[in-house]
1. In region 45-77, which residue that is under 22 Å from Glu151 (Cα atoms) and in a loop (DSSP other than H, G, I, E, B) is modelled with the lowest pLDDT?
2. Does Val180 count as under 21 Å from Ser109 (Cα atoms), crowded, with 19+ Cβ neighbours inside 10 Å, out of contact with any Lys or Arg (no Cβ under 8 Å at 6 or more places or on another chain) and of a type in the set (A, V, I, L, M, F, W, C)?
3. Of all the residues that make up region 188-205, how many are free of Cβ contacts under 8 Å to residues at least 24 places away in the same chain and either closer than 22 Å to Gly24 by Cβ or touching an Asp or Glu at 6+ places or on another chain (Cβ under 7 Å) (or both)?
4. From the list Asp126, Asp118, which residue is assigned to a loop (DSSP other than H, G, I, E, B) and either surrounded by 14 or more Cβ atoms within 10 Å (Cβ to Cβ) or modelled with pLDDT under 95 (or both)?
5. Of the residues that make up region 161-183, is at least one farther than 16 Å from Ser27 by Cα, in a strand (DSSP E or B) and either in contact with a helix residue (DSSP H, G or I) (Cβ under 6 Å, 6 or more places away or on another chain) or modelled with pLDDT under 95 (or both)?
6. Would you be able to say whether some residue in region 152-171 is more than 30 Å from Gly187 (Cα to Cα), over 15 Å from the mean Cα position of the chain (by Cα) and surrounded by fewer than 16 Cβ atoms within 10 Å (Cβ to Cβ)?
7. Could you look through region 10-52, keep only residues that are of a type in the set (A, V, I, L, M) and crowded, with 19+ Cβ neighbours inside 10 Å, and pick out the one that is nearest to Leu85 (Cα to Cα)?
Amino acid sequence: MPSVALRTAPNALRVTEIFYSLQGEASTAGAPTVFVRLTGCPLRCRYCDTAYAFHGGEKMSIAGILDRVAEHGAKLVTITGGEPLAQRGCLYLLRMLCERGYRVSLETSGALDVKAVDPRVIKVMDIKTPASGEAGRNRWENLTYLQPHDELKFVICNREDYDWARARVLDLKLGERWIVFFSASHGELSSGVLADWILVDRLNVRLQIQLHKYLWGNQPGR
């Protein structure tokens, strides 16, 4: 009974924005999606393009967030940040979205424990490369809690990042267990160059571009 569950839930989450757009990344790229961007992040990746979500935001009740999501009429919902799991109530929001029949994905850095995430949620976990400045925060034990429908992402800034990520993919057999995406860091590395490296190595990963940036640039709410 959602109404009973809501009364015992965390009271609120701090939200930077809720918007309707096309998913720009991962396996649902191109699909109309409602995004809920939660505020706050304990990481400071040097290429971060959502630093505006580090602070501020609006305090919203879980019920209010669910109502705003429903207004858009989409079947796909992505919880993003910042780092969504930095707020305790994120886990409850994810569960309530699943209960309402949405297909739900969580964009997470992988630096925080994902064990308690509802198993129906598609976890898209961003493994931090050395050039991000946050590779030491990777929580490798999170791989234990991933399911076959979950996905991994590496943002590649340069050849050193690529070689590091390739070694992780091969040593841990990541491509045999999950879909693995390689993305070129916007403005730092050409996607074409990254594509050539992947092809030369016959690496079992997928090249990914950030579709929303090609369509609209780096605009909040898109």
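1. Filtering first and then ranking leaves Asp49.
2. The answer is no for Val180.
3. The qualifying residues number 6.
4. Exactly one of Asp126, Asp118 is assigned to a loop (DSSP other than H, G, I, E, B) and either surrounded by 14 or more Cβ atoms within 10 Å (Cβ to Cβ) or modelled with pLDDT under 95 (or both), namely Asp118.
5. no
6. Checking region 152-171: not a single residue is more than 30 Å from Gly187 (Cα to Cα), over 15 Å from the mean Cα position of the chain (by Cα) and surrounded by fewer than 16 Cβ atoms within 10 Å (Cβ to Cβ).
7. Checked region 10-52; the qualifying residue nearest to Leu85 (Cα to Cα) is Leu38.
The values are calculated or read from the model by the stated rules, or taken from the named source; none is laboratory data. What you see is a predicted model; the values in this text were computed from it and never measured. Note that each Cβ is placed from the backbone with ideal geometry, even for glycine, and that neighbours are counted across all protein chains shown.
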